[in-house]
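For reference, the structure is listed below as structure tokens.
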Amino acid sequence: MSKIKTVANLFFTMMKIGLFTFGGGYAMIALLESEFVANKKWINKDEFLDMTAISESTPGPIAINCATYLGYKKAGFLGALSATVGVCIPSFIIIYIISLFFETFLKVELISNAFKGIQVCVIYLIARAGLKMFKSISKTPFNIIAFSAVTLSILICFFLSINFSTVFYIIISGLSGVVVYFVESIRGINK
Amino acid sequence: MIYLKLFLTFFEIGAVSFGGGYAMISLIGEKCISNGWLTEEELLNIIAVSESTPGPIAVNAATFVGATQANVAGSLVATVGVVLPSFIIILLISALFRKLLKYNVVSAFLKGVRPSVVALIISTAATMFLSQVLNVNSGFVTDVRSAILLTLIIIIGLLYKRIFKTSASPITMIILSGILGVVFW
């Protein structure tokens with residue numbers, strides 16, 4: 001397949017995937033698997049797992065990361081670009097249109113009442129996702145301490161109305177991880 | 001200039017949001033609320049809309065906030081901003097993958113971030129609960145209807161899992177809660 005054809009193919013395939021991914025990143029991974037591994041056979045299962053691992057560990061939405069990675073693998077920089085743009089376009093258009101009408105949309109009492117219910121549901125969904133992740137991380141001392149410290153800190157800041165950016169938590173805990181790593185390797189050498 | 005502010009804010013969000021969607025919500029909320037671009041209620045609404053529409057929440061939030069603040073150009077600028085950091089990082093990683101993994105420091109950093117991300121997600125739910133349902137910051141008057149609805153939703157969620165063995169999809173829960181919202185109010 002010529003380069004242009006591959007890039008175009010990537011663009012339209014990612015656009016299709018972008019259109020049907022409701023409910024977030026993990027749903028997209030399932031779609032990507034069926035399209036790229038099972039269907040087109042552009043990448044094998046192991047590489048797919050690598051990609052998922054990378055996408056989860058790097059910043060940014062998982063969906064975008066997967067698109068960029070797959071695009072790059074298939075067709076270099078242009079592939080990465082067309083895949084990423086392709087996956088973003090459907091939701092961009094839909095949300096843009098919704099934003100235009102949102103105010104009017106919400107003024108309909110039925111709808112704003114429905115949204116009152118939905119707002120509550122969102123809290124539930126986030127808590128559910130968090131608890132699921134909590135169950136999956138290993139309960140090492142570091143993890144327990146880090147988790148508790150961050151949660152406590154956030155709650156305290158909330159009650160005292162202090163604004164301490166989330167970014168700091170991420171950077172500090174990442175660096176702590178590095179420190180722990182070094183301490184452990186020094187200990188390892190001493191054994 | 002609003003375009004620059006949108007771009008930089010969402011670029012920052014895109015650059016440090018490890019752990020995907022829900023982890024980004026707390027940062028998105030923090031930035032958008034402090035900039036006056038969203039109220040807490042609007043944040044919940046955009047999350048809800050984002051769950052029901054295709055696309056990652058971060059991109060949807062960027063598009064929405066950009067659009068309401070500065071129309072098409074605003075939404076483009078915000079969306080590009082939120083996507084750009086990961087685009088660049090993934091490109092770099094894809095090109096250097098094998099070599100990077102050799103750096104244990106990198107994976108040590110990421111391992112360190114993990115519990116923090118989980119804490120962020122759970123705390124986000126907790127603070128939302130405290131401010132929206134218990135109204136902690138506006139006099140501690142519990143919104144009884146929201147509290148009952150929340151309990152109901154939790155029960156439904158647990159029952160669903162019992163009966164069907166898998167968790168109810170977000171869309172199902174959202175539609176259900178929308179209907180319940182109309183019933184309750």
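The values are calculated or read from the model by the stated rules, or taken from the named source; none is laboratory data. Just so you know, these numbers come straight off a predicted model, no measurement behind them. Glycine gets a Cβ as well: all are built from the backbone with ideal geometry, and neighbour counts include every protein chain shown.
Worth pointing out:
- The single residue among A:A67, A:A83, A:A75 that is under 16 Å from B:A58 (Cβ atoms), in contact (Cβ under 8 Å) with a residue 40 or more places away in the chain and more than 7 Å from chain B (Cβ to nearest Cβ) turns out to be A:A67.
- Filtering the range B:155-174 to residues that are in a helix (DSSP H, G or I), more than 7 Å from every other protein chain (Cβ to nearest Cβ) and buried (at least 16 other Cβ atoms within 10 Å of the Cβ) leaves B:I156, B:Y160.
- Every pair of residues 6+ apart whose Cβ atoms lie under 7 Å, when the first sits in the range B:77-97 and is more than 9 Å from every other protein chain (Cβ to nearest Cβ) while the second is buried (at least 23 other Cβ atoms within 10 Å of the Cβ) and of a type in the set (A, V, I, L, M): B:V77/B:L6; B:A78/B:L6; B:A78/B:A62; B:A78/B:V65; B:G81/B:L6; B:G81/B:A62
- Reported count of residues in the range A:92-141, each being of a type in the set (A, V, I, L, M, F, W, C) and farther than 24 Å from B:L120 by Cα, is 16.
- All of A:F168, A:F164, A:F158, A:F134 fail the test of being within 7 Å of chain B (Cβ to nearest Cβ), among the hydrophobic types (A, V, I, L, M, F, W, C) and over 21 Å from B:E51 (Cβ atoms), apart from A:F158.
- Cβ pairs under 6 Å, 6+ apart, first in the range A:149-174 and part of a helix (DSSP H, G or I), second at pLDDT below 90 and surrounded by fewer than 16 Cβ atoms within 10 Å (Cβ to Cβ): A:C157/A:F164
- In the range B:1-50, the residues that are within 27 Å of A:C66 (Cα to Cα) and basic (K, R): B:K31
- Search result, residues across the range B:47-68 that are more than 7 Å from chain A (Cβ to nearest Cβ) and modelled with pLDDT of 85 or more: B:A61, B:A62, B:V65, B:G66
- Residue within the range A:91-111 that is closer than 19 Å to B:F11 by Cα, touching a residue at least 24 places away in the same chain (Cβ under 8 Å) and more than 8 Å from chain B (Cβ to nearest Cβ) present: no
- Failed criterion for A:I186 (all others in (1) buried (at least 17 other Cβ atoms within 10 Å of the Cβ); (2) modelled with pLDDT under 85 hold): (1)
- Filtered residues of the range B:60-72 (kept if of a type in the set (S, T, N, Q) and without any contact (Cβ under 8 Å) to a residue 40 or more places away in the chain): B:N60, B:T63, B:T68, B:N71
- Evaluation of B:I57 against (1) in contact (Cβ under 8 Å) with a residue 24 or more places away in the chain; (2) touching a Cys at 6+ places or on another chain (Cβ under 9 Å); (3) under 27 Å from A:S82 (Cα atoms) (one fails), failing number: (2)
- Residue that is farthest from B:A126 (Cα to Cα) [pool: residues in the range B:136-151 that are at pLDDT 85 or above and under 23 Å from the mean Cα position of the chain (by Cα)]: B:L149
- Here A:N143 does not fit the description of being assigned to a helix (DSSP H, G or I) and within 25 Å of B:I148 (Cβ to Cβ).
- Filtered residue count, the range A:154-190, keeping only those that are within 24 Å of the chain's Cα centre (by Cα) and of a type in the set (G, A, S): 5
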